[in-house]
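Trainee: Shown below is the structure under consideration.
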Amino acid sequence: MSLPTHQSLEPRHTVAVVGAGAAGTLVAIHLCEAAHRRGSRLEILLVDPTGAPGTGTAYATRDPRHRLNVPAGGMSCYPDDGTHFVRWLVRHANTRSTAADFVPRGLFGSYLADTLVDASARARPSVAVRHVAAAVTDIRRQGGRMALVLADGTELGADSCVLATGPLRSRQGWAPPELRRSPQFVPDPWAPDALTRLLAADGDILLVGSGLTAVDVALTLDRPGRTIHAVSRGGELPRPHAVAPLAPLPPDGPLLGLPLADLRRAVHRHVGRTIRAHGDWRPAVDGLRPLTAQLWSGLSDADRAEFLARDHSRWNTLRHRMSPATAESLQRLRDAGRFVPATGRVEAVRPLPDGAEGADRRPGLVVALNGGRTLRVRWVVDCTGPATDPARSADPLHTGLLDSGLARTGPMRIGYATDPDGRLLGAGDTTPAPLWTLGAHRRGELWESTAVPEIRVQAARLAGALLDGVTPRTRPAARRPTDQLGLPLSTHPEAATAYCTALEDLMAVRAGSEEALRQAVELDPGFALAHAALAALGHEGGAHVDVPRALADARTAVRERGDERERSMVEVVAQRILGAGGDAALLRHLTDHPRDVLALGMAVPTIAFSGVADLQEDAYQLVERTAPDHDGHWFHTSLLAFIRQEQNDFAAADRLARRALAAEPAAGHAAHALTHVYYEQGDHREGLRWLDAWIDRHGQGTAHHAHFSWHAGLHELALDDAAAVRRRWHSQLSPSRVHGIRALVDSASLLWRARLADRWPGATPIEAVLDSIGQETLEQPGSAFVALHSAVALAAAGDLVGLHRLHRHAAWHSDPVQSEVIAPLCDAMSAAVEERWGEAADTLTALRPLARRVGGSAAQREVVEETLLRALTASGRYADAELLLRERLDRRPSALDLRRAQQLRAGVPTA
Ligand SMILES: Cc1cc2nc3c(=O)[nH]c(=O)nc-3n(C[C@H](O)[C@H](O)[C@H](O)COP(=O)(O)OP(=O)(O)OC[C@H]3O[C@@H](n4cnc5c(N)ncnc54)[C@H](O)[C@@H]3O)c2cc1C
């Protein structure tokens, strides 16, 4: 078991990362994260002449027309946290950003730099990041270490080195010597200030190449009166992304191992089928992406050579697409005749003497293309893209690596030969040096290796493999600490103690679990279960947690260090958060690990979590089944008490709750169960007395004290005591006392119920409650249980726009409970706000039996029934309203319902 050595005094391992473009910055970020998780002591030297991490060739641009050619949802630094970049955009650039946006590329450079700052701050003091503004001209082996020679001749020592210098510079082999000598030739459009002269001057331009670089350069250099020509072998421009993209479609037959001719046919069939079925070829091409590396490595050298000669340029136009906005801008230039792409090859160039080309007296170039065409332009820009063979590079760094035998070229002489982690393979049988690479240098091995979705995965894997040599992932198993129920924890004793404190608090529903979990991950950043518990608390318990981040940390950490139970638990939390069948996974987990109290707490719908909603009966059986494993522990007895009252066995619930409270007087689940027993039996006066006394003694320390106050308010409402409800709300449930999810679930819901019962004269203070919740929680709630309460709160505020947005969110949600229960509930609530009571009554009547699927307790879901009662009465359907009331009065008497029933019988429309 790899246990963190965060306080160790081992000397720091130094990693030199050569190149701080996207690839180098991503490596540095993942090294920081992995070293932080493992407690490795690391110094990272980020060496780049620009001194600006994250920019490199692609992201240095400040031109807003230069957009990413991958949607924001695909550009996160973290493979496990796909929305990280989108969340950054929302915070730093545009609150309305979505995963589908193609944002300006410069923003991505800032994001990379920011993320590195965050990652290195988190990893301090065990990791130090140092920026070195210099170019590396040579890398040598020096004993077991590496020596880097800088452009000024100084040397830098490092234990390991990562070559992240990006694509090789174009060699302009296609350009005739006259052109290469000409000052009107731009050999590298991405070099700093390369286009400045072309922006300042007039004259037509020829771009050689018609890929994404040519597109950007054309947009930058366009101006009225100027024609920009673009020639390339195929003459094809990159295709645009779809405005509303469809999900990738994997091929339905096996492709691996096919020779190129068969592969080509199979791909054409796959594309044809996709077009016939979906009207678009893109999902077929995107569906090949995960297979590309394997397909490439399965081809013979002859097939790869043929692919490069025949298919490569077409593949590029289909695979590396431009954003819809870029395509539109480009089309406008084409329509105006200012951008003219064509098939062609430059054969000769003749510089014109000064003034020879005409009245404007400007020097120019006559470019002869194949087929006898000529173009007269003022500038020629090389947009052919990077070179691929390091042996033919003009950069001595690359030729030096090959000459010294530290590296050898990759398949088809593209990039370098590497092992699967990106470690460079040297010449002959030499032991590989501690030298790694990624991105364009691995294209020969992987083919698709130049875009961020691939580079970030390589960076994470490289960081892990590199650190294996510093702090091994697995050490001979030391005895692991355990939780209260004897389950082993993959962490060190200090972090385990903090985790157990959190569990104890969660079991008792005491405040403090969030704090204790934070302490656990601070003590051991690689402690997967503690990250997962934080993510679950943030998602379902309303804790202030960056949920996607905590989940990503849990997933990454459990891969590095975690046993089967921990992996299963992280997956359960992931599925619950991502709305992908978490209930079934949770039940399976508990079948295998019945003593996992965190999982058990999540499965049973009480206070902190919404429970296994879709499979409630299963959850109940589960509590019964796990009883022998818990041997009468007060936590398990509390849960048993809770489900007994949900099953209307109030005598058993009462007995069990009191037994648990005798063992642990602060046991929140037991107190909660007993509260429900009083409420469901209509014993409101005694229930209120007992609850107020318990709140006085133990309620202040509970994590969900607002919920107990809500219960007390509900008793007061049932007693038809409007003044008491009002007092309770202002003293215990107003925004000065409660905010966030609890304000939504408890404060807002009590206000709505008081208003429906006509027990809150005048306007309710709902706006102040909504202000304390936050728009995202209201309009994009993660769970159906929260969404139910969002609909109630928005209805209480009469916010039809908010209800409309919540409806849209729920209708498209992957969780069927959101689409099948919450979306129609929003319709009903909108109808109620607009006093279309008949419609509201119809929808709510249909929804009432489905409300169980939302989770939570019967008393919480009763808000649907209360709204229905109001809708029936207000629409004049007194008989139905009376029936509903009678049903409830038979079950549970209350002063409020008795008054309503009497009024209905007397024919008085009532609340
Ligand atoms: C115009 C353009 C647009 C693109 N758009 C996207 C996009 O939207 N999405 C996407 O996923 N991909 C895009 N790409 C692909 C792009 O290649 C990668 O996303 C990524 O930028 C590659 O980063 P890199 O660090 O490997 O290379 P580079 O960006 O080239 O960075 C290499 C770095 O190494 C430094 N360096 C080089 N030699 C040395 C040396 N000897 N010593 C020290 N430092 C050195 C350089 O100064 C530079 O900072 C785009 C590429 C281009 C050219």
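Trainee: Amide H of residue 13: which non-local residues (sequence gap of 5 or more, or other chain) have their own amide H closer than 5 Å, using H built in the peptide plane?
Mentor: 41, 42, 43
Trainee: Can you list residues from other chains, or at least 5 along the same chain, whose modelled amide H is less than 5 Å from the amide H of residue 702?
Mentor: Excluding prolines and chain starts, which carry no amide H, the hits are 511.
Trainee: Still on this structure, please answer the following. For the peptides 212-219, 82-89, what is the packing order when you average, over each peptide's residues, the other Cβ atoms within 10 Å and list the highest mean first?
Mentor: 212-219, 82-89
Trainee: Can you find, among 60, 147, 74, the residue farthest towards the positive end of the dipole of region 27-169? Put +1 on the C-beta of Lys and Arg, -1 on that of Asp and Glu.
Mentor: 74
Trainee: Something else: Accessible area, 1.4 Å probe, largest first: how do 515, 33, 882 sort? List each step's numbers first, then the result.
Mentor: Working: 515 120, 33 15, 882 55 Å².
So, going from the largest accessible area down, we get 515, 882, 33.
Trainee: To the nearest 20 debye, what is the magnitude of the charge dipole of the chain about its Cα centre, counting +1 on the Cβ of each Lys and Arg and -1 on the Cβ of each Asp and Glu? Please list the in-between numbers first.
Mentor: Working: 103 positive and 106 negative charges, 461 e Å.
Rounded to the nearest 20 debye, it is 2220 debye.
Trainee: Using the Cβ atoms and a cut-off under 14 Å, what net charge is assigned to the surroundings of residue 876, where Lys and Arg are +1 and Asp and Glu are -1? Could you put the intermediate results ahead of the total?
Mentor: Details: positive: 836, 870, 877; negative: 835, 839, 842, 880, 882.
The answer is -2.
Trainee: Residue by residue through region 764-771, which ³J(HN,Hα) values in whole Hz follow from phi under the Karplus form 6.51 cos²θ - 1.76 cosθ + 1.60 (θ = phi - 60°), with glycine and proline marked x?
Mentor: Running phi through 6.51 cos²θ - 1.76 cosθ + 1.60 with θ = phi - 60° gives 7, x, 5, 4, 5, 5, 4, 4 Hz.
Trainee: Heavy atoms only, probe 1.4 Å: what % of the accessible area of region 137-217 goes to carbon and sulfur, would you let me know?
Mentor: Carbon and sulfur atoms account for 52 percent of the accessible area of region 137-217.
Trainee: What is region 786-888 by shape, rounded, prolate or oblate, if you read a ≥ b ≥ c off the alpha carbon gyration tensor as root eigenvalues and call it rounded for a/c under 1.5, prolate for a/b larger than b/c, and oblate otherwise?
Mentor: Details: a/c = 2.02, a/b = 1.36, b/c = 1.48.
In terms of gyration-tensor shape, oblate.
Trainee: Report the local net charge at residue 45: Lys and Arg +1, Asp and Glu -1, summed over other residues whose C-beta lies under 14 Å from its C-beta.
Mentor: On the way: positive: 12, 130, 145; negative: 43, 48, 155, 159.
So the environment of residue 45 carries a net charge of -1.
Trainee: Could you pull out every residue, at least 5 positions away or on a different chain, whose amide H is within less than 5 Å of the one on residue 138? Hs are placed 1.01 Å off N in the peptide plane, and Pro or chain starts have none.
Mentor: Excluding prolines and chain starts, which carry no amide H, the hits are 149.
Trainee: Here's another thing I want to ask about it. So for region 724-812, taking the charge dipole from beta-carbon charges (+1 Lys/Arg, -1 Asp/Glu), which of 765, 787, 806 sits furthest toward the positive end?
Mentor: Final value for the positive-end residue is 765.
Trainee: Per-residue HN-Hα couplings for region 306-311, Karplus 6.51 cos²θ - 1.76 cosθ + 1.60 at θ = phi - 60°, whole Hz, x for Gly and Pro?
Mentor: Coupling constants for region 306-311: 5, 4, 5, 6, 9, 10 Hz.
Trainee: Once you keep just the Cα pairs under 8 angstrom separated by 6 or more residues, what percentage relative contact order results for region 273-424?
Mentor: It comes to 11 percent, rounded to a whole number.
Trainee: Could I ask something else about it? What list of ³J(HN,Hα) couplings, whole Hz, do you get for region 884-890 from phi and the Karplus terms 6.51, -1.76, 1.60, once you set θ to phi - 60° and write x for glycine and proline?
Mentor: 4, 5, 4, 3, 6, 5, 5
Trainee: What ratio of Cα Rg to 2.2 N^0.38 Å holds for the chain?
Mentor: Dividing the Cα Rg of the chain by 2.2 N^0.38 Å gives 1.13.
Trainee: Once both axes come from the Cα atoms, what is the angle between helix 858-874 and the longest principal axis of the chain, in degrees from 0 to 90, rounded to 10?
Mentor: Around 80 degrees separate the two axes.
Trainee: Per residue, how large is the accessible surface of the chain? Use a 1.4 angstrom probe and give square angstrom.
Mentor: With the other protein chains kept in place, the chain gives 40 Å² per residue.
Trainee: For the pair residue 511 and residue 686, how long in nm is the line joining their label points, each one 7 Å along Cα→Cβ?
Mentor: Result for the modelled spin labels: 3.2 nm.
Trainee: Residue separation times 0.36 nm, minus the C-alpha to C-alpha distance between residue 666 and residue 727: what's the value?
Mentor: 19.4 nm
The values are calculated or read from the model by the stated rules, or taken from the named source; none is laboratory data. What you see is a predicted model, and the numbers here were worked out from it, not measured in a lab. Please note: Cβ atoms are built from the backbone with ideal geometry, for glycine as well, and neighbour counts cover all protein chains shown. Accessible surface is based on the protein model in full, side chains and every heavy atom, while ligands, DNA and RNA are left aside. Shrake-Rupley method; radii C 1.70, N 1.55, O 1.52, S 1.80 Å.
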